[in-house]
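Following: one structure in structure tokens, then a few remarks.
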Amino acid sequence: MRYNVFSLIKNTLSGHKNWEPAWRQPEPKKEYDIVIAGGGGHGLATAYYLAKEHGLRNIAVLEKGWLGSGNIGRNTTIIRSNYMLPGNNPFYEWSMKLWENLEQDFNFNAMVSQRGVLNLCHTDAQRDAFARRGNAMRIDGVDAELLDREAVREMYPFFDYDNARFPIKGGLLQRRGGTVRHDAVAWGFARGADSRGVDIIQHCEVKGINVENGKVAGVDTNKGFIKCKKLGLATAGNSSETAKMAGMRLPMESHVLQAFVSEGLKPYIDGVVTFGAGHFYVSQSDKGGLVFGGDIDGYNSYARRGNLPMVEHVIEAGVAMIPSLARVRVLRSWGGIMDMSMDGSPIIDKTHIQGLYLNAGWCYGGFKATPASGWCFAYTIARDEPHKLNAAYRLDRFRTGHMIDEKGQGATPNLH
Amino acid sequence: MLIPCPHCGTRPVEEFTFLGDAAPTRPTTNDPSSMEAWYEYVYLRNNPRGTIDEYAHHSGGCRAWLVVQRNTETHEVYGAVTARAFASRKEAVAKGEQA
Amino acid sequence: MTSYRLDKGGLIDRESALRFTFDGALHIGRAGDTLASALMANGVRLMGRSFKYHRPRGVITAGAAEPNALVELREGGRKEANTRATMIELYDGLVAKSQNNWPSLNFDVGAINSLASSMFVAGFYYKTFMWPKSFWEKIYEPIIRRAAGLGTASKLPDPDKYEKSYAHCDVLVIGSGPTGLMAALAAARQGKRVILADEGARLGGSLLNEQEEIGGQSGFDWSQGIIAELASLPDVTLMPRTTIMGWFDGNIFGAVERVSDHLRVPDPYEPRQRYWKIHARRAVLAAGSEERPVAFGGNDIPGVMQASAMRTYANRYAVAAGRSVVVFGGNDSIYRTARDLRFHGIHVEAIVDSRKDAKADPGGVHVIRGAMVADAVGGKAVKSVHLTNGMHINCEAVAMSGGFSPIVNLACHRGKKPMWDANLLAFLPPDNGEAFTVAGSAAGKMLLSECLADGAAKGAAGGRAIEAPRCRDEAFAISPLWWVKEARAKAFIDYQNDATAMDLPLAAREGYSDVELAKRYTTTGMATDQGKLGNINAIAILAEATGRTMDEVGTTTFRPFYTPVSFGAFAGPFTGHHFQPVRKTPLHDWAEEQGAVFVETGLWMRSSWFPREAEDWLASASREVLTTRGSVGICDVSTLGKIDVQGKDAGQFLDKLYCNTFSTLAVSKARYGLMLREDGIVYDDGTTSRLAEDHYVMTTTTANAAKVMAQMEFAHQALFPDLDVTYVSVTEQWAQMAVAGPKSRATLQKLMDELVMTDETVPYMAALEVTIMHGIPARLFRLSFSGEHAYELAVPADYGSMAARAVMQAGEEFGICPYGVEALSIMRIEKGHVAGGELNGTTTAGDLGMGKMVSTKKDFIGRMMAQRPGLVDPNRQQVVGIRPVDPSHRIRAGAHLLKKDDTPSLANDQGYVTGVAWSPMLNMWVGLALFANGRARHGEVVQVWDGLRGHLVLGEICDPVHFDKENKRLHA
């Protein structure tokens, strides 16, 4: 069933009793050509593009929890393509282009909203770094604008310009950046994949990876053994544990990143803004809540919940940036587990095991990458070779010294 | 979260800076054949869901580097020793294995 | 308007008269009122509009879970949106406005949404607004955003202050009802340090709201006796108006004390709120239970409320919810409601008990068993109810009770899930061990005697016990009552978000049957009350719709915060100028005297330039450079990290830290050092001097001072613990100034006590301990960042300004001037010295042109990983100089470099400009750049592409040293 205003009216008239399920609830078959471990954004997008772009059908997505229960359901919904390194920039811009046509493509309103992403700078050195970044974007046709203090003030007059410890000096603006209703992305991809024959199997946890003669043979799950020719791992947060099942150690640590939402407010802040003198970024959802976050807690964690020091740290920065926030209330905090990689960049690659593919290491930038990650991972799985967009996201780049380190922090995962 | 610093007693987590898994041991040779060992030391992590020995710097306290034993799934803290003590323990274990 | 205030009773001060306004209308309330009770007393029932359909709403609770009666409280910078009228203590002069309506609360155009509400079911957004594509952002979304949200936040700075504090106790008791009081008393009588916290304005919990009998007294009188005893004990801290909002690792509880929210403005020197982190050895949760609404048609019409809330308004606030009431429910508590209401003279039309076989004594009230309220009827107030048996009863209010949900939120904040009890029809808290127990009705104890006993037991925790007093119990029995399917009108589950009972089966039909998906699809439980009222009902409806048990459906995740917390409380005083501490160098006063303009550099304030008359920064910095290069200048370099390293193995230790060698450095000499990370990338640089065989003093960059110190501590303690070395940061103990220029020696000579400065006594890279100005100990280094004949002079911090003034005086005859970091930066770029722009965390020693410094003879941090192919690739970007081909052109930092004839693209990108300066010596802009295979390409003409700022000029790649290539001036 196509979703549109006519189907909505038709179903309203029949009392909403005849809506079809957005996806089936299938039991796993004994065998698939391709199994994707992880029914989050990246896994579902991978299945969707495998079906749509590569015409493959005999695919299962195995999700240990509910559909979209990973980081696709617990992020701060920001999309942007303001990267500067050659290994990153074209990939994220491709993601942005996919976002721009996604809803019509998968027939689901994910509320893609290009409200602008503004990064504030507070020192000359930061401004120079933004100039470098902005030019790296512009040189490849990505939109970027360098704003001075007055231009920032015009956009957001209620920020602290006069009493600030670190005065705002300007900012880098990507107008095409913005926000997307995160859960809807999972649902749109799931529905699109399901309608193309992909089995999405919830509450099915991969417990083991069966490798025979250097080749993937299948997976053990709580719903039994499932045979497959190819296995794609898209289990961000838990990638190290999943990879262990295939005897691999990965260049990453798992960390908890907290995020927050305020009570619903009438329109308060129009775009996405990041503070440059502390860990704080904020946007406002269509529902009215201020969605914000900051830095990871810093210790290794799989717990999906954090502690108060980071809450205070983030909110101090928030009120430093916007003094009137003091009177707004924080409604809820939550935590997601990040694959913090050794250079802050992800991995989309084959592995030394034939038929085993890895999609991991997204740090806290995985949401914006969802469509391109799925698209590239689908390509890599279908063709058994990386696309040029993900060619730099190799697993062995640390061995060879080809890191993609936007922040320049080196092999310290909690600093990326 | 509270960390039992061997010097300062039980202190809140905000006084500490973490630096990941303390399990990897720095290779003792610069021989070209040790490149793979160096690569593993610098980059590969067990990243366990469960018990981890993790480096923590008491940067807001005595400035000792500690190794805190914690559970990454429950955040339960089991204890902490100085990195120095941890290093000699590791060394003793390594020697024991050789012997 | 007529008064709904009862003639007698209640914990209000009838002598008081507090004036307040709601939507501009003046009302009078009493001390002890909440805004909600005061409005009700004044006959105001309509207090808000719902989120989606803009339905008229009144209070439904008398406490923290209120989803409907949210108002904008106060004005100007103190305005707070979404404030629960049920939690606002009335004060004289209170100003409140209704929200989410236009043009007024009474006539709200947005209510038109109700007409289309049959279309606006769960998830309708996801199915439409997609065509044409451009309409989403231009038309649909702006409309939706304006309609969404609830209250309007102020955009003015908040004038009030906030504080943060820690507290420690043996036992934290959360909730001060009968259970909490017994728990606190039991612990206190054992001599424990006890904190008793309650979110309410006064302690007593449900005993303030209910007619109970304990120990032969009224429940209220009994509670006041216990509270008085607790208050008299030295180790007990009573914290009313304090919400425990989260439970965290280490048994740390977050709390917010509303110090001044009951006042018009805070008293002088008092904060508005105080944020607490409470570390409790153990804690007892005695938070009570929340009464569940029943999903019948029109269950949101003003006048329909929780039965317990209606009792509370009558008993505590002496307010009638209506003159005639229908009490509806499926458990015995409804009889108590009818009794209390009648006691207060409120007419109870009927008790409607869904149970056919209910045995409770109706006490003379007409009771209708085996029937349910199908629909409440009314617009902005209830007029009547339709029952499932066809009866129709006129009434002004409906008290409803679907059952009771233990308030287990805090007990679930660390990951454990509650468990369903099919007898109690309640999710009970998980077992979290001894450190955090749950007692009383929060643990499913439904009788007062059980609560008192449980509180006493959990408070004593196996220690010396106390006896619970005798009390009167109210009988309790319950049958399931969730959703009256005979309803004709909408039956609300999540009031604020307008999620209805119909939405949940729809979500399940569409595949969103997992409780978490149903939540997200229908927005049930996502309003400001976080599902406190509606979630259990939603779970029950979902269970039925999908043929699962309550346990199989399970709850969504309980997360902090128990109730919403203001940003201000978390931020405390760390905002504005106090966001981060300010570090001032020992020479700050001196620089201020000299008219310095300061700039934030990390936490430091550094002198940036020293303008004279009307100079702008460029004119000032240029003059400072010309003066320095022409004669002599002085610059504060105290912010450089300084680390004192001593011990037998000091040299060996430095050899591990730096890629070059320090153990071979001669005493009284300095050497430039380059430090790598273990991954082979450059970490930091600076000069390190050897003052004695076993004594070095290191310098680091300003930015990395703290990180390098931590890295040293790590290297020593974790990697090389056998080295006999100690080290300490002395950054703040020494003031350091660079004195540079041809007249620097002549200037400094005047300060020296004994030293006669010559090229022999103070050769280039000398590091000497001297005394100056009649005995002040000092260190003299012959170092140069500017490229001039130059020195750095270090003196103990307290002598800093004095020494700087002396240098100024000594240099007066040479026309000395102070120079700031702008001039410093110009001179370093003229000389091609690398700094932060090039030490960016991705460059190697080779990239910086320092490959030859890297030792191949020793082990050091970063040695092995620096040899990887990617780090030694000749096509890596290397530091070069860049200058415009036309000297009148400007180049800018951040511009990218392209081959002369290439089109702009990332594939064609050759590098970028890392830093630029207007060189007053060369009369042109010069810069440094990172450029692919740059050292082999000096002389190449490139495009300096700055599309971001619309600039494109040609530049020439050159040696990084723009000025005085032969370093003649250094040795002059």
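Under 8 Å for C-alpha pairs, at least 6 residues apart: give me the relative contact order for the range C:1-108, rounded to a whole percent. Working shown, then result.
Numbers: 226 pairs, mean separation 31.0, N = 108.
Rounded, it is 29 percent for the range C:1-108.
In terms of packing, defined here as the mean over residues of other Cβ atoms within 10 angstrom, the peptides C:269-281, C:713-725, C:622-634 line up highest first as C:622-634, C:269-281, C:713-725. Helix C:178-189 and the longest principal axis of the Cα set of chain C meet at an angle near 60°. When the alpha carbon gyration tensor of chain A is reduced to an equivalent ellipsoid, the three semi-axes, largest first, read 35, 26, 20 Å.
For the range C:293-402, the fraction of alpha-carbon pairs lying more than 24 Å apart is 11 percent, rounded to a whole number. For the range C:382-445, the set of trypsin sites (Lys or Arg not before Pro) satisfying both a DSSP loop assignment and a count of at most 15 other C-beta atoms within 10 Å is given as C:K416.
Over the residues of chain C, the helix contribution to mean residue ellipticity at 222 nm works out to -5000 deg cm²/dmol, using -39500 (n - 2.57) for each DSSP H run of at least 4. For the range C:576-872, the relative contact order comes to 26 percent (Cα pairs under 8 Å, sequence separation of at least 6).
Taking Cβ atoms as reference points and 11 Å as the exclusive limit, the residues near C:G370 contribute a net charge of +1, counting Lys and Arg as +1 and Asp and Glu as -1. Out of residues 5 or more away from C:V319 or on other chains, whose amide H comes under 5 Å of its own, with H placed 1.01 Å from N in the peptide plane? Close amide H contacts, sequence-distant or interchain: C:L6, C:A314.
Only the Cβ atoms of Lys and Arg (+1) and of Asp and Glu (-1) were treated as charged; on that basis the dipole of the range C:576-872 about its Cα centre amounts to roughly 640 debye. Each of C:H695, C:F610, C:G630 was placed along the dipole of the range C:581-713 (beta-carbon charges, centred on the mean Cα), and the one lying farthest toward the positive end is C:H695. Pairs from the table (A:K29/C:K519; A:K30/A:K244; A:K287/C:K127; A:K17/C:K127; C:K52/C:K127) lying more than 20 angstrom apart at Cα are A:K29/C:K519; A:K30/A:K244.
Once the Cα atoms are used to define both axes, helix A:308-321 deviates from the longest principal axis of chain A by about 50 degrees.
Other protein chain C-beta atoms within 10 Å of residue C-beta, averaged over A:4-16: 4.
Qualifying chymotrypsin sites (Phe, Trp or Tyr not before Pro) in the range A:287-338, where qualification requires a DSSP coil assignment and no more than 13 other C-beta atoms within 10 Å, are lacking entirely. When chain A is treated as a GNM with alpha-carbon contacts under 10 Å, the residue of A:G134, A:G344, A:G55 showing the greatest mean-square fluctuation is A:G55.
Express in % the proportion of alpha carbon pairs of chain C at distances exceeding 41 Å.
Pairs farther apart than 41 Å: 56 percent.
Let me know the mean shielding of C:676-682 by other chains, meaning the per-residue number of their Cβ atoms within 10 Å of its Cβ. Walk me through the intermediate numbers first.
Details: counts 1, 5, 8, 14, 5, 7, 1.
Mean partner shielding for this stretch: 6.
Under Stokes-Einstein, with the Kirkwood radius over Cα pairs standing in for Rh, what whole-number D in µm²/s applies to the range C:623-759 at 4 °C and 1.567 mPa s? Could the numbers behind the result be given before it?
Details: Rh = 16.3 Å.
Once the numbers are plugged in, D ends up at 79 µm²/s.
Taking a Cβ cut-off of under 14 Å around C:S663, the surrounding Lys, Arg, Asp and Glu residues balance to a net charge of +1, with basic ones at +1 and acidic ones at -1.
Assuming a ≥ b ≥ c are the square roots of the Cα gyration tensor eigenvalues, decide whether the range A:88-177 counts as rounded (a/c under 1.5), prolate (otherwise, with a/b larger than b/c) or oblate. Since a/c reaches 1.5 but b/c is at least a/b, the shape of the range A:88-177 is classed as oblate.
A protection proxy built from the mean count of other Cβ atoms within 10 Å ranks the segments C:388-395, C:204-211, C:374-381, most packed first, as C:204-211, C:374-381, C:388-395. With a 10 Å cut-off around each Cβ of C:511-521, the average count of Cβ atoms from other chains is 6. In chain C, a dipole from Cβ-located charges (positive for Lys and Arg, negative for Asp and Glu) runs towards its positive end, and of C:I816, C:S405, C:Y791 it is C:S405 whose Cα lies farthest in that direction. Ranked by how many other Cβ atoms sit within 10 Å of their own Cβ, fewest first, the residues C:D300, A:D140, C:D759, C:D644 fall in the order C:D759, C:D644, A:D140, C:D300. Shape analysis of the protein assembly as shown based on the Cα gyration tensor places the equivalent ellipsoid semi-axes at 61, 37, 31 Å, largest first. Compared with the dominant principal axis of the Cα atoms in chain A, helix A:89-106 is inclined by about 70°. Applying the Karplus relation 6.51 cos²θ - 1.76 cosθ + 1.60 with θ = phi - 60° to the range C:932-937 yields 3J(HN,Hα) values of 4, 6, x, 5, 8, 10 Hz, where x marks Gly and Pro. Across A:D270, A:D297, A:D128, mean-square fluctuation computed from a Gaussian network of chain A (C-alpha pairs under 10 Å connected) peaks at A:D128. Here's the picture: charge each Lys and Arg Cβ at +1 and each Asp and Glu Cβ at -1 in the protein assembly as shown, and of A:L8, C:G846, C:L263 the one pushed furthest to the positive end of that dipole is A:L8. Counting every alpha-carbon pair across the range C:875-942, the share separated by more than 17 Å comes to 39%. Once C-alpha pairs closer than 8 Å and six or more residues apart are averaged by separation and normalised to the residue number of chain A, the relative contact order reads 22 percent. A prolate overall shape is assigned to the range C:13-111, the ratio a/c of its alpha-carbon gyration tensor axes (a ≥ b ≥ c) being 1.5 or greater and a/b exceeding b/c. Every helix of 4 or more DSSP H residues in chain A counts as -39500 (n - 2.57), and over all residues that averages to -9000 deg cm²/dmol at 222 nm.
Loop-located chymotrypsin sites (Phe, Trp or Tyr not before Pro) across the range C:295-333 with a Cβ neighbour count of 12 or fewer within 10 Å are lacking, with loop assigned by DSSP. Using only side-chain charges placed at the Cβ, +1 for Lys and Arg and -1 for Asp and Glu, the dipole size of the protein assembly as shown relative to its Cα centre rounds to 2840 debye. Taking the average, over residues, of other Cβ atoms within 10 Å as the packing measure, peptides C:127-133, A:284-290 rank A:284-290, C:127-133 from highest down.
A short reminder: the numbers here are calculations on the coordinates, not readings from a lab. Predicted model only: the values in this text are computed from it and were never measured. Virtual Cβ from ideal backbone geometry, glycine too; neighbours counted across all protein chains shown.
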